[in-house]
Amino acid sequence: MRTTRWFAGLVFVGLVVMSGTGYAGELTIAESNQCNYQIVIPDKGREEVVDNWLSAAAKLMQATFEKNGFKIDVVQEGAKAADKPGIYLGATGFAKKNGINVEQHDDWTYYHKAVGKDLIIAGNDKKDPKTMLALLGTVKGVCDFLREYAGVRFLFMTGDRFNKDGSLNIDTRSVAFTPVKKIAVPDNLDLKKTPMMRANCDRSYETFNSISLNFFPPLSHIVGGMAAPAGTAVGWPLATEYAKSHPEYFALSKDGKRACDLSPHDAYAMAVCAAGKGVQDLMYMEAEKLIADGRKTITIGCIDGYGLSQCNCEECCKLFGMKAENWDQIRARGDSGKLWQAFFKITERIREKYPDVKIICNRSRLPNLTLEIQRMPIR
Ligand SMILES: [Zn+2]
């Protein structure tokens, strides 16, 4: 279960990763080993848990800069050097002066705003009155900033902790600092974002990982409708239901036979044609049914990548760019990460007609994690 969770979490990253280059007007924060910025946190005196989290977020940002050869200090607002621009985190006086009122939000809404050479990252941060948890909009804003502009990928679910001296203790396997040559944002950056984050399940504390991944996996009311037609394994067709009526749902072997016609077979592990019109339509129609039932969120599940990488039909060969005539080819297909495009064909189709519906791709097993991460689609 644990493995399943963080694999599934990666999916969410894959869907929201954005490219950070190529803006017409850029505010360059760090480049060529040079960084003149300071990370500015509010002066202390608020709730301890908030102070600690803002400090930790600043330290994670500092660690990211340092991994890329950029030296940057973390200072409280009252001690900021007047001659340096700042990345202002949380409810600073500077954020307030520039019209960012975080107190109005009772959710994880955050702002990314460029003001001249300065950058504001702020959301509402406050302790939950009844639990160990806190609302940490700024921390979410920092995680998203690091992911979008500074090459950070949150991989593993671990408990981030402080050392006794107050320094940040992160399991370095849990965060990937992919190298970047520069850190820059659009010079007109003015983003207000309300992430899909609600009550967390079965956790007594928050981590960078859980915050960065929107507390994935979410509670059932956020998962919404599962696009899983009757007779399906996690959303994909089962031979017991469709072998006779729709053999085209199942993988085409190199000998021209469908997987459902080969024996012996396990209906739940049946290789499926992921890119062909039949299964694509089946999933789309199921999503439409859920939307008609009033669902605002839809989750599309899938089985492992090898099971969806075995079909030799024209669409599947086109999708993967190779045939699947032996296990080496099937593995290469699974490791290529191209299976994502089969899911995106479904999600884009839904999004075009129902732009307000949120779609989660819940991919529970990956064939080759390392390769998959490297080839995670950048969208
Ligand atoms: Zn196919």
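Quick notes
- Matching residues in region 94-105 - criterion: being free of Cβ contacts under 8 Å to residues at least 24 places away in the same chain and of a type outside the set (Lys, Arg): ASN98, GLY99, ILE100, ASN101, GLU103, GLN104
- Whichever residue in region 246-263 is within 11 Å of the ligand (Cβ to nearest atom) and assigned to a helix (DSSP H, G or I) and, among such residues, is farthest from ALA342 (Cα to Cα): ALA259
- Identity of the residue in region 106-151, more than 22 Å from the chain's Cα centre (by Cα) and in contact (Cβ under 8 Å) with a residue 60 or more places away in the chain, that ends up farthest from THR64 (Cα to Cα): THR131
- Residues (touching a strand residue (DSSP E or B) at 6+ places or on another chain (Cβ under 7 Å) and either in a loop (DSSP other than H, G, I, E, B) or over 21 Å from ILE183 (Cβ atoms) (or both)) located in region 78-100: LYS80, ALA81, LYS84, PRO85, GLY90, ALA91, THR92, ASN98, ILE100
- Of the residues making up region 148-180, those that are at pLDDT below 85 and either β-branched (Val, Ile, Thr) or assigned to a strand (DSSP E or B) (or both) are PHE154, THR158, ARG161, PHE162, LEU168, ASN169, ILE170, THR172, VAL175, ALA176.
- Residues that are assigned to a loop (DSSP other than H, G, I, E, B) and away from the ligand (no atom under 11 Å from the Cβ) were ranked within region 324-336; the one that is surrounded by the fewest Cβ atoms within 10 Å (Cβ to Cβ) is ASN326.
- Qualifying residue in region 285-294 (condition: at pLDDT 85 or above, more than 16 Å from the ligand (Cβ to nearest atom), part of a loop (DSSP other than H, G, I, E, B) and small (Gly, Ala, Ser)): yes
The values are calculated or read from the model by the stated rules, or taken from the named source; none is laboratory data. None of these values were measured; they are calculated from a predicted model. So basically every Cβ, Gly included, is an ideal-geometry build from the backbone, and we count neighbours across all protein chains shown.
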